[in-house]
Amino acid sequence: MKISYMSLGCKVNLYESVAIINDFVNNGFELAEFDDICEVYLINTCTVTQTSDSKSKKMIRQAIKRNKDAIICVMGCFAQLNSNDVCNIQGVNIVCGTSNRTLILPTVLKMLETNDRTLVNLTQSYNEICYYEDLSLDHYDHKTRGFVKIQDGCENFCSYCAIPYSRGRFRSRDSLSVIKEIQLLSDRGMKEIVLTGINTGAYGKDNNSSLSMLLEDIIKNVSNLGRLRISSIEATEITIELLEVMKKYSNHFCMHLHIPVQGGSDEILKKMNRKYDIKYYRNKLALIRSYFPLINITADVMVGFNGETDELFAKAYDFIDSCKYGETHIFPYSPRPNTLAYLESKKIKFKDAVADYKKKTRVNDLLVLNEINGLEYRKNFIDKNVEVIVEKIENGFAFGHSSNYLEVKFKAIKAKENDLVNVIITKAGYPISEGVEKDVIE
């Protein structure tokens, strides 16, 4: 019995997909490629942008077309916000949004046993999702980097974002469950653990804990622990306590923080309902660099938000340049129905909307800046040693990422996949720098 999956969007979705697939494999199913003919397909959807919505629907229809007799399971944020529409797609059998994922396996087994493919909709309203659903996993198909979900939900309600309505309120995973899973992955040879969540830095707000406390618990209680990386964190959630823990256990922490900025001017940040202004964000970067001068700080940047004039974009450009990011993920604003920004713009008949051609031009301008600043950051490491986890070897060359998330290529002498290798950087490049293998770390 074959199962395959397609996970769209964020690393949380990927974690949840792998956790569910683990359950199927542990119950005798064979994991296959998504374009194979399978008895069961799992599609984990995304709704961050209009493109995400379209791709989610496309993947659902592809699975249905591939095998009309297969059981089609659809979950994730697009399914949560559009469960009725997904249910109306002929050929879909199970819909569960962002909760009740633990019911997918027993529901599939029942359908296979009874041959009854009547649609089952397990979706709850987002305001009914009030507990953390522990979707623990016991392995990844690769050994290099493992994502461990520690938190779900978001209550920031940024005006452009639909995710709080698809994921519900803050819920933190029990620390003992987190530690148990990391221990299992570490015992199976995982060299790097990436802690992820919908709002990762909010961990503990609902249970009198904090991210810094969890990190210290992980380090103290997990043997054979490799590197720890925080997937993404808001500037407002980076505390002195967090930085002190990272400094105290710097041998375990990746020197990389991804801190979304989204807007580059106070005017746009306020319209976005972000929880900081430019001065606050700039000061937070300075604080972080006072602890770790060469840390790689990366960010998400949105262009073309409602009301972003040429003057405000110029402000944003200058601010982003001043941040000296190691890398930026740049994307155009995509209106999301029923979000505050969409409804406010609709009232004035979208007169504040930025034309698509301007969005495209601004994205391209920032992509050029990203390459310039990305290369400048990487030049800091010429002739320096970085520790690289080998992710693949092709034509005699090893490729992997360093602690500070530099992608590095070097000739593999003794290095094998999943080895931790000391590499001397010989040439800075963006996105790939080059180096020479020094030694493999035992």
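Would you mind checking the pairs Lys360/Lys409; Lys247/Lys409; Lys324/Lys359; Lys149/Lys271; Lys55/Lys205 and listing those with alpha carbons more than 25 angstrom apart?
Numbers: Lys360/Lys409 31 Å; Lys247/Lys409 28 Å; Lys324/Lys359 22 Å; Lys149/Lys271 30 Å; Lys55/Lys205 34 Å.
The answer is Lys360/Lys409; Lys247/Lys409; Lys149/Lys271; Lys55/Lys205.
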State the answer as a single residue: which of Ser17, Asn27, Ser4 lies farthest towards the positive end of the charge dipole of segment 1-43, with beta carbon charges of +1 for Lys and Arg and -1 for Asp and Glu, about the Cα centre.
Ser17
For Arg282, the accessible surface traced by a 1.4 Å probe with all protein chains present amounts, in square angstrom to the nearest 10, to 110
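Considering Cα pairs under 8 angstrom that are at least six residues apart, work out the relative contact order of segment 177-236 and quote it in whole percent.
Numbers: 59 pairs, mean separation 30.6, N = 60.
Reported relative contact order: 51 percent.
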Quick check for me: using +1 on Lys/Arg Cβ and -1 on Asp/Glu Cβ, what's the dipole size of the chain about its Cα centre, in debye to the nearest 20?
800
In terms of the alpha carbon gyration tensor, root eigenvalues a ≥ b ≥ c, rounded if a/c is under 1.5 and otherwise prolate when a/b exceeds b/c or oblate, segment 262-412 is prolate
With the 8 Å Cα cutoff and a minimum separation of six or more residues, segment 336-433 has a relative contact order in percent of 26
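Tell me the per residue accessible area of segment 134-245 using a 1.4 Å probe; a whole number in Å² is fine. Walk me through the intermediate numbers first.
Working: 4020 Å² over 112 residues.
Spelled out: the 1.4 Å probe surface of segment 134-245, per residue, equals 36 Å².
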Where only C-alpha atoms are counted, convex hull volume of segment 201-350 per residue in Å³
131
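Quick check: net charge around Arg362, other residues with Cβ under 15 Å of its Cβ, Lys/Arg +1 and Asp/Glu -1?
On the way: positive: Lys315, Lys358, Lys359, Lys360; negative: Asp300, Glu308, Asp310, Glu311, Asp318, Asp321, Asp356, Asp365.
Charge balance in the 15 Å sphere: -4.
Give, rounded to the nearest 20 debye, the magnitude of the charge dipole that segment 22-158 has about its Cα centre when Lys and Arg contribute +1 at Cβ and Asp and Glu contribute -1 at Cβ.
Using only the charged Cβ atoms, the result is roughly 460 debye.
Take the alpha carbon gyration tensor of segment 1-135, find the square roots of its eigenvalues, order them as a ≥ b ≥ c, and report rounded if a/c is under 1.5; if not, report prolate when a/b exceeds b/c, else oblate. Write out the running numbers ahead of the final one.
Numbers: a/c = 1.33, a/b = 1.20, b/c = 1.11.
Rounded is the answer for segment 1-135, as its axis ratio a/c remains below 1.5.
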Rg (Å, one decimal) plus Dmax (Å, integer) for the alpha carbons of the chain?
22.4, 65
Lys/Arg +1, Asp/Glu -1 at C-beta; the chain dipole; positive extreme among Val423, Asn88, Phe253
Asn88
Whenever you get a sec, line up Cys77, Cys130 from highest to lowest accessible area (probe 1.4 Å, protein heavy atoms).
Cys130, Cys77
Computed over the Cα atoms of segment 200-255, what is the ratio Rg over Rh, Rh following Kirkwood?
0.94
How would segment 299-358 be classified by its alpha-carbon gyration tensor: rounded, prolate or oblate, with rounded meaning a/c under 1.5 and the a/b versus b/c comparison settling the rest?
prolate
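Suppose accessible area is computed on protein heavy atoms with a 1.4 Å probe; arrange Ile163, Ile268, Ile382 from highest to lowest.
Values: Ile163 30, Ile268 5, Ile382 65 Å².
So the residues, ranked largest to smallest area, are Ile382, Ile163, Ile268.
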Do the sum for the chain: with -39,500 (n - 2.57) for every DSSP H run of n ≥ 4, divided by all residues, what is the mean residue ellipticity at 222 nm, to the nearest 500 deg cm²/dmol?
-11000 deg cm²/dmol
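Out of the total accessible area of segment 160-286 (probe 1.4 Å, heavy atoms of protein only), what percent is carbon and sulfur?
Values: 2490 of 5010 Å².
C and S fraction of accessible area: 50 percent.
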Would you work out the relative contact order for segment 77-188, in percent, from Cα pairs under 8 angstrom that are 6 or more residues apart?
27
Sort by residue number and report every cysteine in the chain with no other cysteine beta carbon within a distance under 4.7 Å.
Cys10, Cys38, Cys46, Cys73, Cys77, Cys87, Cys96, Cys130, Cys154, Cys254, Cys323
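Over segment 20-80, what number does the Rg to Rh ratio reach, with both radii from the alpha-carbon atoms and Rh per Kirkwood? Each step should come with its number before you reach the end.
Values: Rg = 12.2 Å, Rh = 12.2 Å.
In segment 20-80, Rg relative to Rh is 0.99.
Sort Lys379, Lys248 by accessible area with a 1.4 Å probe, largest first.
On the way: Lys379 100, Lys248 130 Å².
Largest to smallest exposure gives the sequence Lys248, Lys379.
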Segment 83-197, Kirkwood Rh and Cα Rg, ratio Rg/Rh at 1.03
Student exercise, segment 164-252 dipole from Lys, Arg, Asp, Glu Cβ charges, in Debye to nearest 20
200
Estimated D of segment 131-245 in µm² per second, where Rh is the Kirkwood radius over Cα pairs and Stokes-Einstein applies at 25 °C, 0.890 mPa s
168
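The values are calculated or read from the model by the stated rules, or taken from the named source; none is laboratory data. Because the structure is predicted, anything quoted here is derived from the model rather than measured. Backbone-built Cβ (ideal geometry, glycine too); neighbour counts: all protein chains shown. SASA here: full protein model, heavy atoms, side chains in, ligands and nucleic acids out. Shrake-Rupley method; radii C 1.70, N 1.55, O 1.52, S 1.80 Å.
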